[in-house]
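The values are calculated or read from the model by the stated rules, or taken from the named source; none is laboratory data. Note that this is a predicted model, so its numbers are computed, not measured. Virtual Cβ from ideal backbone geometry, glycine too; neighbours counted across all protein chains shown. Quick note on the areas: whole protein, heavy atoms, side chains included, nothing else; ligands and nucleic acids left out. Shrake-Rupley method; radii C 1.70, N 1.55, O 1.52, S 1.80 Å.
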Amino acid sequence: MALRKYFSQLMPCHRIPVPIVITITLIALALILRSTFAWISVNHLPATSDEASSVLLAKMIFQGQFPLLFIGQPYQFPFESYLMAPFVEWLPRNAFGARYQTFTLGIFSVLGFLLITRAAFSKGSRWPAALLILFPSAYQLLFTSAYAPPQYSMALTLSWISIFLVLRFRQKENMVLLLFTGLICGLAFSNHMLTVTISIGVFALLLFGGNIHRDLKGVLFFGAGAILGATPYLLAIWLKPGAYEMLPSTFSLKLALLRLMDSVLTETFASAMGVNP
């Protein structure tokens, strides 16, 4: 109430409504925060070897080649390099040229998650999620506004797109939306296999929508799109011996689950809260 009174005195309500003033202020602060992270990244963190590899792959694609795997990481489809390829010859050869895509996709991810919030929550209950999206943990800010390992920015982008599409399907029941949802999930898996967790959640939203006949029909459209989206993965398995084997065969399932719990409690949760364990 105090904040509302302050803005009421600062800006008469008959000119600009107070909620709009508060919203604009929060968005401006969020942009300033991200711009600060980006400025520090560009001016104090040189381009890494992974980022240089992304640019090198983009140049190869621009010259007519079609790589299926990232350099030195045979379990990632270099989707980011394909998007970078049309502009690679005009990019500056510095940290900004290597990270402009991370910054751009990071901004789009904010917009995307705000759209998800709008689709998933009622009008009066959206503001907590919106605040967390505008002012996330330091870990999330780092990955969207400063530096992200190869394919992470695209993995985040494809994840929010797939979630948004399946939520739109539950509102409009258009099977074409599910075809695109499956396509995005398949591309996300080819891009980075860890996104399979997001795809499982998206599939659950589809399968348990409350209409069995519609949902089973939707599974067919989703599956067709997923197979099409996983084409880079399938081609790499077929044409590149050893592709995608490094990541899943590192640990047994039992050991992976044990390590997962330890990592979640001691590293991931703490990092997500902005604490260095």
Exercise for the section: Write down the accessible area per residue of segment 35-169 in Å², having rolled a 1.4 Å probe over the full set of protein chains. Expected result: 48 Å²
Practice task
Note down the accessible area of Tyr139, probe 1.4 Å, to the nearest 10 Å².
Solution key: 100 Å²
Exercise for the section: Lys and Arg at +1, Asp and Glu at -1: add these up for the other residues within a Cβ distance under 14 Å of Leu207 and post the number. Expected result: +2
Fill in the blank from the handout: Other residues with Cβ under 15 Å from the Cβ of Val176 give, with Lys and Arg +1 and Asp and Glu -1, a net charge of +4
Handout entry: Within straight-line cross-link reach of Lys240, lysines at Cα separation under 24 Å, skipping those fewer than 8 residues along the same chain
Key = Lys59
Fill in the blank from the handout: With every protein chain in place, the accessible area of Thr197 for a 1.4 Å probe, in Å² rounded to the nearest 10, comes to 90 Å²
Exercise for the section: Return the loop-located chymotrypsin sites (Phe, Trp or Tyr not before Pro) in segment 169-200 (DSSP other than H, G, I, E, B) with at most 12 other Cβ atoms within 10 Å of their own Cβ; answer none if there are none. Expected result: none
Handout entry: Potential lengthening between Lys123 and Ala52 on full extension [0.36 nm per residue; Cα-Cα distance subtracted]
Key = 21.2 nm
Practice task
Mark the label point 7 Å from the Cα of Lys172 along Cα→Cβ and return the residues of segment 181-199 whose backbone N is within less than 14 Å of it.
Solution key: 181
Practice task
For segment 183-225, report the accessible area per residue in Å² (1.4 Å probe, heavy atoms, rounded to an integer).
Solution key: 49 Å²
